[in-house]
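Here is the structure we will look at, set down as structure tokens.
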Amino acid sequence: MRQKHLELLVGAFVALGLAAFLLLALKVSDIAHIGEDQGYRVTARFENIGGLKIRAPVTLGGVRIGRVVGINLDPNTFEALVTLSIEPQYDRLPSDSSASILTAGLLGEQYIGLEPGGMDDFLKNGGSLKLTQSALVLEKLIGRMFTNAAQGEAPAKTP
Amino acid sequence: MTVRGLSFHRGERAIFREVDLDIPRGKVTAIMGPSGTGKTTLLRLLGGQIRPDAGLIEVDGLRVPELGRLELYQLRQRMGMLFQSGALFTDLNVFDNVAFPLREHTRLSENLIHTLVLMKLEAVGLRGARELMPAELSGGMARRVALARAIALDPMMVLYDEPFAGQDPISMGVLTQLIRTLNDALCLTSIIVSHDVKETAAIADYLYLLSDGQIVEHGTPAELGRSPSPWVDQFMHARPDGPMSFHYPAPAYESELLLRDAA
Amino acid sequence: MTGPLERLGRWALERLTALGRANLFLLRLLGALGFLLRRPGLLVKQLYAVGVLSLPIILVSGLFVGMVLGLQGYANLVYFGATSSLGTVVALSLVRELGPVLTALLYAGRAGSALTAEIGLMKATEQLASMQMMAVDPFARVLAPRFLAGFVAVPLLTAIFTAVGILGGYLVAVVQLGVDGGAFWAQMQARVLLWEDIGNGVIVKSVVFALLANWIALFEGYEAHPTSEGVSLATTQTVVVTSLAVLGGDFLLTALMFGVW
């Protein structure tokens, strides 16, 4: 009788532990997105990708349509070669669409925003995005602001 | 059981020097000596828990220190040992404590184990206490339960480590009688290690007196009672002073007191 | 008279031999695990003692830690308008560090110290010796089931702690502070990786900590001086040594897993 009671509690404990693992895997982690990667691949070249990371979202009009699956450096042109995976149901993106690296909020994470073009043919697997806009690098931006300010102020200071 | 030329050291200190013992089958043999002479150590040597530095220990024809783990465990199944504290498993009740060696070493059915445990508990008069936990037992009862556990596997010999220490006169009487009756009823070989002269002498067939790492004297209780040796006389009749000094070795009393005054 | 150098040398030698004994102890322990195949019942009892009985403290602590993370995270993220990242912050802190480390520390205090005291007292009251005299190997009968039970329990407790912590963060962030629930989970899922974060954090770390915590607890108990002082010292020692080993081990593991050097 006592042994039965014990076994029941231990069984419940083990079940609870496994349920916690399951919760972590299913609800917390990216498992929901693993295996969903059946999208087609498109590459884009950027001068500077800033803080873009693998798995960053790819959006169009604010809607997530895919994600970044690869980031490499082209050894010849020294450009960043970013591979995007775009979900198969969005197979009618014009081939002259443009990609820019944007930031969510002032300090948020970076993602790729697509801007549709006007061509009649569509992007296909292995295709590439020709028009790209690099990430805004905050340091460069601030640096430019300072130089502008300094140039603007310099004459005024001399009497 | 034979012991020849047994020597054992702990650190620098010699516990045993060239000890010889003969323990006959079917008899109660007692090894006595003042506290701290390594009586418990001797039992641990006999049970193979520690190895001697030199000498021969033979139990039932087997040389204990040379046995492998498996053989040693097989031998121990035929030996029961009653520890000074009883050493009952505090998380098991009386019944499960006595059943423990049966469950570990046999594949008997629960029914049979139940019967055997009740028989052993009946032998020590504690059949009614089988549901109690060790913490609920008095010292004497705990030792009787431990005794029941020690004989659970029907061993050929039982080692008793200070079975009478710290017992009230009634429990002492009960234990003395139990050891003797069990020895005769189960054809055991019993070895008692003790410093309680009166009780031990009452039931032992043969006595060994141990002091300072050596056997000082041996013989039947009657022989030892008449021994001319002043040491044996002091021990057997519990005289406070004699060859075994009342004082722990110390510098001369006067000089130590004077030295303190001077300082 | 011994100089400081001699004392240092003696101390180092003592530590080294203790380490050697601890390793032999672990080997004997692992060697005795096979015995449990024949006696699974022993494991159940110990799982109850170290697992089920540790649940309340793990549940309550996990909930509070998660709630505090939610509050603190919110208070800081709200300045940057990034409260939607709160789920990521709470989940990553718990999954990578706080879950495994705090669970191991709580386990050492709740179950490890109890294991040490139990083994130490069994030794002091000659229960281990009497078991040996009954031809029963205490390593197989007493130590191995406790070790394996602890080894299984710690990762389970870690998962429970982490999951409850994330729920605590959710309660504070979404229910109390009004962060968007969808963003909370979506951001978390976008940033927490199954193998890199949960595998390394919750699983690998907790398995390593489980080994450390139970090994130390049982070894300290087994080596304890068979007196009341010895047992109390060993119990303290278990908590101190386990805490240091877990925190030090955590640093090494973090450097190996997520390190940037």
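Over the range B:105-173, what is the relative contact order in whole percent, taking alpha-carbon pairs under 8 Å and six or more residues apart?
That works out to 31 percent.
Which is the longest stretch in chain A that no exposed loop site breaks, taking sites as GluC sites (Glu not before Pro) with a DSSP loop state and at most 13 other Cβ atoms within 10 Å?
The segment A:48-159 is the longest one with no such site.
Return the FRET efficiency for the residue pair residue C:16, residue B:90: r is the Cβ-Cβ distance, R0 is 35 Å, and the value is rounded to the nearest 0.05.
E between residue C:16 and residue B:90, to the nearest 0.05, is 0.50.
For the range B:1-83, which trypsin sites (Lys or Arg not before Pro) are both in a DSSP coil and crowded by at most 12 other Cβ atoms within 10 Å?
Within the range B:1-83, the qualifying trypsin sites (Lys or Arg not before Pro) (loop, at most 12 other Cβ atoms within 10 Å) are B:25.
I need the semi-axes of the equivalent ellipsoid of the range B:111-156: take the C-alpha gyration tensor, multiply each eigenvalue by 5, square-root it, list largest first in whole angstrom.
Its equivalent ellipsoid spans semi-axes of 18, 13, 8 Å.
Expressed as an acute angle from 0 to 90° and rounded to the nearest 10, what is the orientation of the C-alpha long axis of helix C:181-191 relative to the principal long axis of chain C?
60
Got the relative contact order for the range A:65-153 handy, in percent, Cα pairs under 8 Å and 6 or more residues apart?
23
Tell me which trypsin sites (Lys or Arg not before Pro) from the range B:106-191 have a DSSP coil assignment and no more than 14 other beta carbons within 10 Å of their own.
B:107
Using a 10 Å cut-off around each Cβ, can you sort B:119, B:156, C:188 from fewest to most neighbouring Cβ atoms?
Taking fewest neighbouring Cβ atoms as first place, the list is B:119, B:156, C:188.
Using a 10 angstrom cutoff on alpha carbons, build the Gaussian network for chain A and name the most mobile of A:70, A:50, A:11.
For chain A, modelled as a Gaussian network with Cα springs under 10 Å, the answer is A:11.
When a/c reaches 1.5 or more, the comparison of a/b and b/c decides; with that in mind, is chain A rounded, prolate or oblate per its Cα gyration tensor?
It comes out oblate by the Cα gyration axes.
Taking the DSSP beta bridges in chain B as the whole, what percent of them are antiparallel, to the nearest 5?
The answer is about 50 percent antiparallel.
Which loop GluC sites (Glu not before Pro) in the range B:8-97, with loop taken from DSSP, have no more than 10 other Cβ atoms within 10 angstrom of their Cβ?
B:12
Report, as an integer, the average count of C-beta atoms from other chains found within 10 Å of each Cβ along C:64-77.
0
Determine which lysines satisfy two conditions relative to residue B:120: a Cα distance under 16 Å, and not lying fewer than 8 residues away in the same chain.
Counting by Cα, and skipping residues close in sequence, residue B:120 has no lysines nearby.
Tell me which aspartates and glutamates have Cα within less than 15 Å of residue B:27's Cα, excluding those fewer than 8 residues away on the same chain?
By straight Cα distance, residue B:27 reaches B:60, B:184, B:205.
Give the Rg/Rh ratio for the protein assembly as shown, taking Rg as the radius of gyration of the Cα atoms and Rh as the Kirkwood radius, to two decimals.
A ratio of 1.19.
From the helices alone, meaning DSSP H stretches of at least four residues, give me the mean residue ellipticity at 222 nm for the protein assembly as shown, per-run term -39500 (n - 2.57), in deg cm²/dmol to the nearest 500.
About -15500 deg cm²/dmol.
Roughly what % antiparallel, to the nearest 5, for the DSSP beta bridges in the protein assembly as shown?
Restricted to the protein assembly as shown, the bridges split so that about 60 percent are antiparallel.
Lysine pairs in chain A with Cα distance under 29 Å, only those 8 or more apart or on different chains: how many are there?
6
Tell me the angle of helix A:138-157 to the major Cα principal axis of chain A, expressed in degrees between 0 and 90 and rounded to the nearest ten.
On a 0 to 90 degree scale, this one is about 30.
Just checking the output field for C:193-201: average partner chain Cβ neighbours within 10 Å of each residue's Cβ?
Across the residues of C:193-201, the mean count of other-chain Cβ atoms within 10 Å is 4.
Given an 8 Å cut-off on Cα distances and at least 6 residues of separation, report the relative contact order of the range C:33-254 as a percent.
36
In a GNM of chain C with a 10 Å cut-off on Cα contacts, which of C:209, C:25, C:219 has the highest mean-square fluctuation?
Result for chain C, Cα springs under 10 Å: C:25 fluctuates most.
Out of all DSSP beta bridges in the range A:39-137, what portion is antiparallel? Express it as a percent rounded to 5.
Percent antiparallel among DSSP bridges in the range A:39-137 is about 75.
Throughout, read-outs are computed from the coordinates displayed, never taken from laboratory work. This structure is a prediction, so every number in the text was calculated from the model and none was measured. Note that each Cβ is placed from the backbone with ideal geometry, even for glycine, and that neighbours are counted across all protein chains shown.
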